[in-house]
1. Sort 96-103, 67-74, 212-219 by packing, meaning the average of other beta carbons within 10 Å per residue, with the highest value first.
2. Put one equal scatterer on each alpha carbon of the range 192-231, apply the Debye formula with no solvent term, and list log10 I(q)/I(0) at q = 0.23, 0.24, 0.30, 0.34 1/Å to two decimals.
3. Going by the alpha-carbon gyration tensor, a ≥ b ≥ c the square roots of its eigenvalues, is the range 134-249 rounded (a/c under 1.5) or, if a/c is not under 1.5, prolate (a/b greater than b/c) versus oblate?
4. Under the classification rounded if a/c is under 1.5, otherwise prolate if a/b is larger than b/c and oblate if not, where does the range 5-120 fall, given a ≥ b ≥ c as square roots of the Cα gyration tensor eigenvalues?
5. Tally Lys and Arg at +1 and Asp and Glu at -1 over the other residues with C-beta under 15 Å from the C-beta of Ala162: what net charge comes out?
6. In the neighborhood of Glu51, defined by Cβ-to-Cβ distances under 11 Å, what is the net charge if each Lys or Arg adds +1 and each Asp or Glu adds -1?
7. Could you please report the charge total around His187, scoring K, R as +1 and D, E as -1 over all other residues with beta-carbon less than 13 angstrom from its beta-carbon?
8. Under a point-charge model restricted to the Cβ atoms of Lys and Arg (+1) and Asp and Glu (-1), what is the dipole moment magnitude of the chain relative to its Cα centre, in debye to the nearest 20?
Amino acid sequence: MTKIFHEAEVLAKRVLTPGMLRLTFGGEGLADFQSTGVGDEYVRLFFPNAETGRIHLPHIDENGRWSYPDGQKAVRYSTYTVRDYRSDLREIDVDFVVHDGGMASDWAQRCCAGDTVTINKPRALYAPPDDIVWQLLVADATGLPALARLLEQTPEHVQTRAFIEVAEPSHELDLPYHPHASVTWLHGSGNGVAASRVGEVVRALPLPPTPGYIWVAGEQRVVRSLRRYIRHDLRMPAERYELVGYWTEDARAWEERYDALPEAVRAAIAAGWDSGRDREVVRDEYYATLERFGL
Ligand SMILES: Cc1cc2nc3c(=O)[nH]c(=O)nc-3n(C[C@H](O)[C@H](O)[C@H](O)COP(=O)(O)OP(=O)(O)OC[C@H]3O[C@@H](n4cnc5c(N)ncnc54)[C@H](O)[C@@H]3O)c2cc1C
């Protein structure tokens with residue numbers, strides 16, 4: 001059975017841009033780390049609970065389902081992309097957006113070589129059909145590490161159009177070269193600094209009629225709005241897109257409002273996810289509920 005949790009030791013810290021820093025992890029704990037090999041693979045970083053001082057871990061079964069022996073609120077984690085995995089050295093790079101008030105972001109800024117963090121087994125979402133000849137990749141700063149690794153691993157024949165939204169021009173990074181990739185940087189929007197512009201940019205883009213794939217990562221409401229366009233206006237089939245909310249702007253207020261939803265509404269949401277019905281149909285209903293309650 002593959003190991004589910006690993007202790008990762010900080011080996012090095014490097015400032016990539018004023019908005020992002022890279023930690024390199026290694027150590028014995030990563031000896032049996034098994035990468036998925038997929039460009040947007042991610043892990044959870046688990047931190048001690050502020051009240052108990054302990055790291056409470058969820059139980060994760062072989063199908064990836066989580067349960068919480070210590071109670072859900074005790075488990076404290078943040079999700080990050082494995083930007084690079086060097087199996088020969090057993091090293092992982094993780095790129096952290098520097099932002100205010102973040103448990104992981106603060107830890108990444110404070111930590112020193114030799115500090116450790118618990119991470120779990122990686123998972124990935126990017127899964128284009130074999131026939132694609134083009135892809136559209138859209139990300140804000142949090143999706144930039146995954147987008148860079150996806151680009152690095154894109155087969156040569158696939159044409160890539162990428163849009164990356166960052167807070168400032170100085171937050172741009174050099175991306176891996178791909179002979180058939182065209183990248184546009186958007187500055188000064190999204191990322192918690194101003195309204196995102198990716199929605200208007202993607203809506204204005206003509207998409208080829210040939211087989212393709214769309215991957216989007218960013219703030220959850222921005223991604224949700226793009227999903228409406230891609231799924232309901234363009235009517236792209238679910239296997240041709242992966243649209244992932246990576247973070248929530250003003251998360252605490254959002255969570256308070258979510259927790260205040262009527263009990264029956266939260267129960268209906270949970271029942272939807274457990275129903276075994278088409279995930280995208282359930283997601284349509286879930287998003288409609290969120291929007292009904294201004295979330
Ligand atoms: C699959 C996946 C992969 C991800 N990969 C990466 C990655 O490689 N690098 C990366 O930096 N992030 C990545 N993220 C996003 C990251 O998990 C969130 O930004 C997360 O909230 C950061 O955790 P935190 O503990 O620092 O902040 P939290 O404690 O979760 O949040 C604290 C506060 O910070 C705000 N906040 C959170 N993120 C941001 C942000 N980016 N900009 C401005 N305000 C913010 C929240 O609204 C909240 O108010 C990924 C998310 C997912 C789902």
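1. Working: 96-103: 16.4, 67-74: 11.4, 212-219: 24.1.
Going from most to least packed, we get 212-219, 96-103, 67-74.
2. -0.83, -0.89, -1.23, -1.38
3. On the way: a/c = 1.74, a/b = 1.09, b/c = 1.60.
Taking the square roots of the gyration eigenvalues as a ≥ b ≥ c, the range 134-249 is oblate.
4. On the way: a/c = 1.66, a/b = 1.18, b/c = 1.41.
Oblate shape, in that a/c is at least 1.5 and b/c is the bigger or equal ratio.
5. -4
6. Values: positive: Arg54, Lys73, Arg76; negative: none.
Charge balance in the 11 Å sphere: +3.
7. Details: positive: Arg197; negative: Asp140, Glu165, Glu168, Glu172.
Summing Lys/Arg as +1 and Asp/Glu as -1 gives -3.
8. Values: 33 positive and 44 negative charges, 87 e Å.
That gives a dipole near 420 debye.
The numbers here are math on the coordinates, done by the rules we state, and not lab data. What you are looking at is a predicted structure, and each value in this text was computed from that prediction instead of being measured. Glycine gets a Cβ as well: all are built from the backbone with ideal geometry, and neighbour counts include every protein chain shown.
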